[in-house]
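For reference, the structure discussed in these notes is given below.
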Amino acid sequence: LVQPDGSTITVTNEGTISNCWNSGTLDIGQNSNDASKRGSRIGIFCEINEGTIEGCHNEGYIYSAAEFYEGYRHIGGICGMNSGIIHKCYNVGKISIKAEDVGAKTPPAYCIGGIAGGVEGDSEEDHRIISECYNAGEIIVYGGDKENGKNSSYILIGGIIGKDYAEYMLDIIPAEINSCYNIGTCTVNNLKCIKDIVYSVGGITGASMSPTKDCYSIGNILGNDKSATFILLGNLFSTNLFGGFTTLENLSYTNCYYEKKVENIGYYADTDLLISGNPFVPITELEGTIEKDNDAFQSGEVAWLLYKGGYGQRIGTDKHPVLINLGNEGTEVYKLNLNLDDVSEEANYPT
């Protein structure tokens, strides 16, 4: 069952969806499909989550080749748009989006995430919490219309959320992202662009404004369309593409780790930079985010640093930290400090 826009269970969840899983394909269809022309929110379990989704996962394939006229399209492995709580969920299915723009006056924006495409809400009372979730599925956006030049758009991709904040009456209303990780590949590929296209890809979020704690990403971050107007890639977080809001002081990251896949992270400092033609400032280090090599993720070092966030690891079996509360018992990691002053000289140790 596919709802009018694009989900398998319900359009709007205002209650609780728990312990559900999907292995089927959610195919929004070609441009001839009436639903594809309406669909602005696409997610496996619901289009819009205003309640709670917990203990759910997706193994299925999500595909959309819909015409999109203007505004936003939100696409996620669990839900399209989140205004509630998503807890203990994961996505391992591939999300493949063919981005088609038919010449909208206002460039469309595709917000795509392994868990949720984006967040919304008009008050601080809305929860917008994503916790103890992960993405291992590939996210890929491709397409365009090089022959007719109908491809001016924004594309925001995050391993967890495409765009992690809502805008209401010129106020930024952030989400909360806690204990989430991404090991999936996020790619913008062969967009065939000859007009203005901006794309932003991050391991956790594509457009970042939200407090984020105890997260990591080791997924590949790729963008190979060199003809795009701006290409913004971030190991964990990328940018706010819409200018005037993001400053370094707004960014709040705590105990977050990454294996470096790209050199820089971009963000808009202020709207004057847009006017000056220098649209983003490359940042290689953000407070609260720490680069680690592959050995640190495999050895248990990062799992130890993240253990208060609910992580563990089976050393030699798990190639990266895993979330204990997602059924990974027996993964506790302990830190051992050896003090040579406590070792007896008379002890008979094997050589």
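The values are calculated or read from the model by the stated rules, or taken from the named source; none is laboratory data. Computed from a predicted model, the values in this text were never measured in an experiment. With ideal geometry, Cβ positions are generated from the backbone for all residues, glycine too; neighbour counts draw on all protein chains shown. For accessibility, only protein heavy atoms count, side chains too; no ligands or nucleic acids. Shrake-Rupley method; radii C 1.70, N 1.55, O 1.52, S 1.80 Å.
Looking at region 104-163, which of its residues are outside any strand (DSSP E or B), hydrophobic (A, V, I, L, M, F, W, C) and either open to solvent by 40 Å² or more (accessible area, probe 1.4 Å) or modelled with pLDDT of 80 or more (or both)?
First, pick out the residues of region 104-163 that are outside any strand (DSSP E or B): 104-108, 114-115, 120-128, 132-133, 136-138, 144-152, 159-160.
Still in the list and also hydrophobic (A, V, I, L, M, F, W, C): 104, 115, 133, 136, 160.
Passing the criteria: I115, C133, A136, I160.
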Tell me the helices (runs of 4 or more DSSP H) entirely within region 237-351 that contain at least 1 residues that are at pLDDT 65 or above and crowded, with 16+ Cβ neighbours inside 10 Å. 294-299, 301-305
Could you check how many residues of region 58-74 are modelled with pLDDT of 90 or more and closer than 14 Å to E120 by Cβ? 1
Only one residue in G29, G24 is modelled with pLDDT of 85 or more and among the small types (G, A, S). Which one? G24
